[in-house]
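Below you'll find the structure, written out as structure tokens, and then a few comments.
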Amino acid sequence: MFRKIQLPLQTLNLVVGFMVWVLISSLLPFIKEDIAIQDGQLALVTAVPVILGSILRIPLGFYANQFGARKIFLISFILLLFPVYYISIADSLADLLIGGLFLGIGGAIFSVGVTSLPKYYPKERHGFINGIYGAGNLGTAISAFAAPVVATKFGWSTTVQLYLVILAVFIAGNFLLGDKRELRVKTPLLEQIKGVYKNEKLWLLSLFYFITFGSFVAFTIYLPNFLVANFGLDKVDAGIRTAGFIVLATLMRPIGGWLADRFHSLILLMFVFGVYTISAMILSFAPSISWYTFGCLSIALCAGMGNGVIFKLVPMYFQKQAGIVNGIVSAMGGLGGFFPPLILSLLFNITGHYAIGFMALSEVALASLILVVWMYFQGKIELAKEVIDHTIEGILITDTSGKIISVNPAFTSITGYQENEVIGKNPSILKSGKQPQTFYKDLWKSIEKNGFWQGEILNSRKDGQQYLQWLTISAIKNDAGDAVQYAGMFSDISSHKMKKHKKSMCSKSLNPSFKAEFSTYKKY
């Protein structure tokens, strides 16, 4: 029973955590009526909760593996009671900054669920499951929409205190319904970090999530005040539009995960960053509210899809270190939400508009698109290398001058030659001397005419022992049809040939010609 309810329970946990995380930004138009906040400080107030919400994701992802999601969610919600109450009685900018910093715990719990939930489901469903959990982003929409409505009737301070009741309910819910028997992963933290920090895929995924989730967070915390100040919308209308952005991004997250379970994840990311590039360029031209809405919603669609796809890739690339990698990648995403509001505010103060900031987002998205394309083709190369390295047939590749440029491990196993002993040399070092020169002339005539040659050939190992090969030589051609390399694939068929001859000897009387053939083979 407890295993079955973990997905809805942890998803609701994330909803509540994110509701708390964006509490200040959702109510900022009301708060600044009572607390003096200068225009240059608005971005700082909304960005501060992102700091702890990002940094804490790394340890929370790790400890979710160590102690289970139930304990981490319980402790996190208990700790959130204090900053929420502190903000409800805040009367200065310093109070908001201090309380807002610790609201970051609400955003940090994201790494708990993405580490815990895949343990309950098969790999082919991880994208969709993490997408469903990621839909807990909806908590930001709930706060963006509901908090201003409630604050209009009861005041922002009372609205903040209502969050204490919600937290208390979920503390009890996790205590009673959390899985006490969740599978633990006890790999030491330093060992996990050593296993991943040199892997370029970790940092590429971190960059991609920095953009997708970072822009989601940045737009979520910046839109309410931006729409009021820049387009003159009333506070409730701005909250509704922000909620629309969040809802679309949230709905696209499980869809992105579902698509990643069925299609190539990197191709989906190409689409994501391609649309990002165009949408950010539209925003950089300071358009009307209609075009601005179109650009924002396009980014919401891509942010949600990208978030879902990325957390399909994490457990696929990092099975044993999922906890720490989830923490690092999600932390980078959180930090992606911290910097844009500050940069946009700084650029606006310098230039008087936001064009440069949005154009920078477009350029970063374009760079990410290029990196995704590189990962896609690099993955194909790595897959081909894995196939070559693990096949039981020996493989050697030569250039057009006949120099060996590459061999696989099976080549060494069959011939006895190490890679460094044959690179740069001619395959003739493998010759047994038993084939006449006309044999090799006919062989190359076949390659020139048909593009390949296939048959039996007698060669020698490093120790001089002769053995029979089944060899296929293929010409590797470029687009113009010219041979640029030659690939040889071979296997040792000596034992198979010997068994065949022995079976033939047992099944029929040996006539003179057969005896002669077998005697000739035995000499080899």
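The values are calculated or read from the model by the stated rules, or taken from the named source; none is laboratory data. Nothing here was measured: the structure is a model prediction, and the numbers come from that model. Backbone-built Cβ (ideal geometry, glycine too); neighbour counts: all protein chains shown. Heavy atoms of the whole protein, side chains included, go into the accessibility calculation; ligands, DNA and RNA do not. Shrake-Rupley method; radii C 1.70, N 1.55, O 1.52, S 1.80 Å.
Only one residue in I75, I55 is more than 25 Å from F216 (Cα to Cα) and not acidic (D, E). Which one?
Only one candidate qualifies: I75.
Which one of these is of a type outside the set (K, R), farther than 24 Å from G106 by Cα and touching a residue at least 24 places away in the same chain (Cβ under 8 Å): V228, V247, V217?
Result of the check over V228, V247, V217: V228.
Checking F154 against (1) over 15 Å from L7 (Cα atoms); (2) among the aromatic types (F, W, Y); (3) open to solvent by less than 60 Å² (accessible area, probe 1.4 Å), which single condition isn't satisfied?
Against the list (1) over 15 Å from L7 (Cα atoms); (2) among the aromatic types (F, W, Y); (3) open to solvent by less than 60 Å² (accessible area, probe 1.4 Å), F154 comes up short only on (3).
Residues of region 51-73 being surrounded by 20 or more Cβ atoms within 10 Å (Cβ to Cβ), closer than 22 Å to V84 by Cβ, of a type in the set (A, V, I, L, M, F, W, C) and in contact with a Leu (Cβ under 7 Å, 6 or more places away or on another chain), which ones?
L52, I72 - these are the residues of region 51-73 that are surrounded by 20 or more Cβ atoms within 10 Å (Cβ to Cβ), closer than 22 Å to V84 by Cβ, of a type in the set (A, V, I, L, M, F, W, C) and in contact with a Leu (Cβ under 7 Å, 6 or more places away or on another chain).
Collect the residues in region 193-214 that are of a type outside the set (V, I, T) and open to solvent by less than 10 Å² (accessible area, probe 1.4 Å), keeping them in residue-number order.
Once the filter is applied, which keeps residues that are of a type outside the set (V, I, T) and open to solvent by less than 10 Å² (accessible area, probe 1.4 Å), region 193-214 yields L202, L205, S206, F208, Y209, F213, G214.
Out of region 78-96, which residues are within 21 Å of V217 (Cβ to Cβ) and open to solvent by 50 Å² or more (accessible area, probe 1.4 Å)?
L79
From the residues in region 15-38 that are free of Cβ contacts under 8 Å to residues at least 40 places away in the same chain and in a helix (DSSP H, G or I), which one is least open to solvent (accessible area, probe 1.4 Å)?
Of everything passing the filter in region 15-38, K32 is least open to solvent (accessible area, probe 1.4 Å).
So which residues in region 129-146 are of a type in the set (V, I, T) and modelled with pLDDT of 85 or more, if there are any at all?
I129, I132, I142
Looking only at region 241-261, decide whether some residue is basic (K, R), within 23 Å of the chain's Cα centre (by Cα) and in a helix (DSSP H, G or I).
Checking region 241-261: at least one residue is basic (K, R), within 23 Å of the chain's Cα centre (by Cα) and in a helix (DSSP H, G or I).
Could you tell me whether region 226-234 includes any residue that is of a type in the set (D, E, K, R) and either in a helix (DSSP H, G or I) or open to solvent by less than 40 Å² (accessible area, probe 1.4 Å) (or both)?
First, the residues of region 226-234 that are of a type in the set (D, E, K, R): 234.
Restricting the remaining residues to those that are either in a helix (DSSP H, G or I) or open to solvent by less than 40 Å² (accessible area, probe 1.4 Å) (or both) gives none.
No, that holds for no residue.
For region 116-142, enumerate the residues that are open to solvent by less than 10 Å² (accessible area, probe 1.4 Å) and not aromatic (F, W, Y). Talk me through it step by step, then tell me what you get.
Of region 116-142, the ones open to solvent by less than 10 Å² (accessible area, probe 1.4 Å) are 116-117, 127, 129-131, 133-134, 136-137, 139-141.
S116, L117, G127, I129, N130, G131, G134, G136, N137, G139, T140, A141 - these are the residues of region 116-142 that are open to solvent by less than 10 Å² (accessible area, probe 1.4 Å) and not aromatic (F, W, Y).
Could you grab the pairs with beta carbons closer than 6 Å, sequence gap of 6+ or different chains, first residue in region 271-283 and open to solvent by 40 Å² or more (accessible area, probe 1.4 Å), second one modelled with pLDDT under 90 and hydroxyl-bearing (S, T, Y)?
M281/S362
Go over the candidates G433, G416, G394 one by one and state the one that is over 17 Å from I473 (Cα atoms) and touching a residue at least 40 places away in the same chain (Cβ under 8 Å).
Of G433, G416, G394, the one residue that is over 17 Å from I473 (Cα atoms) and touching a residue at least 40 places away in the same chain (Cβ under 8 Å) is G416.
Of all residues being open to solvent by less than 90 Å² (accessible area, probe 1.4 Å) and either within 26 Å of D482 (Cβ to Cβ) or among the aliphatic types (A, V, I, L, M) (or both) in region 451-468, which is nearest to the chain's Cα centre (by Cα)? Just the residue, please.
G451
Among the residues of region 342-352, are any at pLDDT below 85, surrounded by 24 or more Cβ atoms within 10 Å (Cβ to Cβ) and closer than 27 Å to R57 by Cα? Give the derivation first.
Restricting attention to region 342-352, the residues satisfying the condition of being at pLDDT below 85 are 342-352.
Still in the running and surrounded by 24 or more Cβ atoms within 10 Å (Cβ to Cβ): none.
Within region 342-352 (the criterion being at pLDDT below 85, surrounded by 24 or more Cβ atoms within 10 Å (Cβ to Cβ) and closer than 27 Å to R57 by Cα), the answer is no, since none of the residues qualifies.
Do you know which residues across region 394-412 are among the acidic types (D, E) and touching a Pro at 6+ places or on another chain (Cβ under 7 Å)? Lay out the reasoning, then the answer.
Just the residues of region 394-412 that are among the acidic types (D, E), to begin with: 399.
None; the set is empty.
Taking region 207-249 as the region of interest, how many residues are among the polar types (S, T, N, Q) and modelled with pLDDT of 80 or more?
Counting residues in region 207-249 that are among the polar types (S, T, N, Q) and modelled with pLDDT of 80 or more gives 3.
Could you tell me how many of the residues in region 477-497 are among the β-branched types (V, I, T) and either farther than 16 Å from F452 by Cα or surrounded by 14 or more Cβ atoms within 10 Å (Cβ to Cβ) (or both)?
Filtering region 477-497 for residues among the β-branched types (V, I, T) gives 484, 493.
Next, only the ones that are either farther than 16 Å from F452 by Cα or surrounded by 14 or more Cβ atoms within 10 Å (Cβ to Cβ) (or both) stay: 493.
Of the residues in that region, 1 qualify.
G53 - would you say it is touching a residue at least 40 places away in the same chain (Cβ under 8 Å), on the phi > 0 side of the Ramachandran plot and in contact with a helix residue (DSSP H, G or I) (Cβ under 8 Å, 6 or more places away or on another chain)?
No: the conditions fail for G53.
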